[in-house]
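A.B. asks: First, the structure itself, so that you have it in front of you.
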Amino acid sequence: MKKSRIWLGVGIAFVVLIGAVAGTGWFLAHRLDGQVKTVDVFAGLDERPEPANEAAAGAMNILLLGTDGRTGDKATTGTEATASWTPGEQRADTMMLLHLSADRRSASVVSIPRDSWVRIPGHGKAKVNAAFSEGGPRLSVQTVERLTDVRIDHVAWVDWAGFEEIGDLLGGVEVYIPETVHDSARDRTWTKGTHRLSGEEALLYVRQRYGLAEGDLDRVKRQQYVLRSILGGLRQSVDPKNPKKAYDLLDIITRHLTVDSGFSGGDLRALALDLARMPSSDLTFFTAPVAGLGKEGAQSVVHLDARKGRRLWTAMREDDMESWLAKNREALTDGTVS
């Protein structure tokens, strides 16, 4: 069966879970650190956005990318990976921007639909996922920074292969389907009710767009919904009395994770502790404001809402997501999705 190119931002799961490594000893922590691949993403980038003020400088913005990993490690790792990127050999079908507040009391995950019609520096207008295909994580950073005027502090991306392993190790991923829907592309019917999906089934679930009222936009909501479910399972699995399971989960995640070269293992562990202390209610999920669906030539695209988007990105740049969320509660992905 063809594997999904979609990943659900397991970078978040990684930073949540890695704090549990302390219970297994520093030797194992360093061993796991060694499995995380790194790429020099930011060298040479200029004309980058700056935080709106000194207080906002303490916030952190992490670009999370999901790739299909079709070319293996050679295309995604090593200090020369970005410079020698081969256009078209990799795709990022999932793009999320994780914003952590300066006080680390809240975090927001904003999905940018893969079909968003945006300007790609040096390439004209195209779907946003073309940035990774044409120029890897560096061009993805340039594209998102130009789109949002938000400075990206770190990048993390993962391939699909670890998703099934994590889902199965957790004993499945629980989802609720409000109405029976049929995926004509895969001839799969999802019946109304609560289901516990294997890793492979969860991939099929988050890949569906045919049969859903809003197509790719509903698929984005499914990604967020399943990610929330996985995070719940991960937190329940972090048991000090069972460090082996935590290690097994971390082993899977770190084997499939690549980060920018400035994102050290120590940074990840510190971030993990911040997220682990954060109540789940303070981790919000939503999608960048959309004006509508349309066509550009033969391509079906998503047109972002520039006016509403400016308000969102300004709030993120000023580290004032609380005010934005208070006025836009309807934008949040709730506990039930199509």
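The values are calculated or read from the model by the stated rules, or taken from the named source; none is laboratory data. Please read all numbers here as calculations on a predicted model, not as lab measurements. No Cβ is skipped: glycine too gets one built from the backbone with ideal geometry, and neighbour counts run over all protein chains shown.
A.B. asks: Of everything in segment 133-163, what is of a type in the set (S, T, N, Q) and either surrounded by fewer than 18 Cβ atoms within 10 Å (Cβ to Cβ) or farther than 20 Å from Val110 by Cα (or both)? Give them in sequence order.
C.D. replies: Listed by number, the list holds a single entry, Ser133.
A.B. asks: Going by the conditions given, is Asp248 among the acidic types (Asp, Glu), touching a His at 6+ places or on another chain (Cβ under 9 Å) and either touching a residue at least 12 places away in the same chain (Cβ under 8 Å) or more than 30 Å from Asn328 (Cβ to Cβ) (or both)?
C.D. replies: Against the criterion (among the acidic types (Asp, Glu), touching a His at 6+ places or on another chain (Cβ under 9 Å) and either touching a residue at least 12 places away in the same chain (Cβ under 8 Å) or more than 30 Å from Asn328 (Cβ to Cβ) (or both)), Asp248 does not qualify.
A.B. asks: Pick out the one residue from Asp153, Asp103 that is modelled with pLDDT of 95 or more and more than 23 Å from Arg219 (Cα to Cα).
C.D. replies: After applying the criteria, what remains is Asp153.
A.B. asks: Check segment 314-337 and report whether any residue there is assigned to a strand (DSSP E or B), among the aliphatic types (A, V, I, L, M), over 18 Å from Leu147 (Cβ atoms) and within 19 Å of the chain's Cα centre (by Cα).
C.D. replies: Yes, there is a match, as at least one residue in segment 314-337 is assigned to a strand (DSSP E or B), among the aliphatic types (A, V, I, L, M), over 18 Å from Leu147 (Cβ atoms) and within 19 Å of the chain's Cα centre (by Cα).
A.B. asks: Of all residues in segment 175-233, how many are polar (S, T, N, Q) and touching a Lys or Arg at 6+ places or on another chain (Cβ under 6 Å)?
C.D. replies: Residues that pass the stated criteria total 1.
A.B. asks: Does at least one position in segment 291-298 carry a residue that is touching a His at 6+ places or on another chain (Cβ under 6 Å), small (Gly, Ala, Ser), surrounded by fewer than 17 Cβ atoms within 10 Å (Cβ to Cβ) and free of Cβ contacts under 8 Å to residues at least 24 places away in the same chain?
C.D. replies: So far as segment 291-298 goes, yes, one or more of its residues are touching a His at 6+ places or on another chain (Cβ under 6 Å), small (Gly, Ala, Ser), surrounded by fewer than 17 Cβ atoms within 10 Å (Cβ to Cβ) and free of Cβ contacts under 8 Å to residues at least 24 places away in the same chain.
A.B. asks: Would you confirm whether any residue within segment 276-285 is at pLDDT below 75 and either under 26 Å from Val41 (Cβ atoms) or under 21 Å from the mean Cα position of the chain (by Cα) (or both)?
C.D. replies: yes
A.B. asks: Quick check on segment 214-257: of everything there that is among the acidic types (Asp, Glu) and within 30 Å of Leu304 (Cβ to Cβ), which residue is modelled with the lowest pLDDT?
C.D. replies: Asp216
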